[in-house]
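Visitor: Sharing a structure with you now.
Read the figures in this text as sums done on the coordinates, not as results from a lab. No experiment lies behind these values; they were computed from the predicted model shown. Cβ placement follows ideal geometry from the backbone for every residue including glycine, while neighbour counts extend to all protein chains displayed.
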Amino acid sequence: MTEIFAVAVITVLAVISPGADFAMVVRNSYLYGRTTGLLAAAGVAAGVLVHVTYTMLGVGLLIASSTALFTAIKLAGAGYLVYIGLRTFFARNDLDVDLETKSGLSPWGALRTGFLTNALNPKTTLFVVSTFTQVVGPGTGLWRQAGYGLFMSFAHFGWFSLVALFFSHAHLRTAMLRWQKVLNRGIGSVLVGLGVTLGLAR
């Protein structure tokens with residue numbers, strides 16, 4: 001019971017802590033609407049399962065003990081965040097998406113963006129690997145470990161679905177679109193800052 005409680009608390013804290021996934025879902029929700037934001041949230045949740053899968057297979061232990069491998073993953077994730085951040089920062093300022101006729105981002109594009117954001121997110125790597133190697137006991141059965149992993153994924157989907165619903169609300173979205181130049185630069189700067197910080201962190 002203590003293990004379950006610890007995993008639950010750590011997961012909730014990791015999910016609600018602002019990061020690249022939060023910035024990405026906010027951006028997709030206010031620019032392209034509710035459906036795109038929810039699909040991005042689903043992609044974020046799927047990205048968590050990547051980390052859970054390799055950790056359960058034992059690769060997480062290798063990452064925890066191999067500085068070179070973890071550094072490579074960290075740099076790849078940092079590079080992706082910087083790339084997306086720069087694209088957001090320099091995005092066109094006059095975007096006006098008509099949600100009644102079409103979406104500015106395809107469903108696959110929304111899923112892919114959310115998935116890559118978390119699959120390449122060093123914060124998520126650390127969260128999952130640390131939880132499975134330091135909190136989950138060595139005697140914990142595979143089915144329970146799988147349950148923890150699914151809980152982590154569903155927790156991400158639940159939280160970021162709420163974020164998508166909030167930031168795609170009609171009145172809020174209209175106000176945000178009026179200020180999209182400032183918002184794009186703010187979100188882009190956050191993403192670039194996160195990428196640079198993660199890339200330089202030791």
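Visitor: Report the full-extension gain for the segment Ala68 to Ile10: residue separation times 0.36 nm, less the Cα-Cα distance, to one decimal in nm.
Guide: Contour length minus the Cα-Cα distance gives 18.2 nm.
Visitor: What distance in nm lies between label points placed 7 Å from Cα along the C-beta direction at Thr2 and Val182?
Guide: Rounded to a tenth, the inter-label distance reads 5.0 nm.
Visitor: Given the peptides 181-188, 127-134, arrange them by the average over their residues of other C-beta atoms within 10 Å, most packed first. Write down the numbers at each step before the final one.
Guide: Working: 181-188: 17.1, 127-134: 19.0.
Peptide ranking by packing, descending: 127-134, 181-188.
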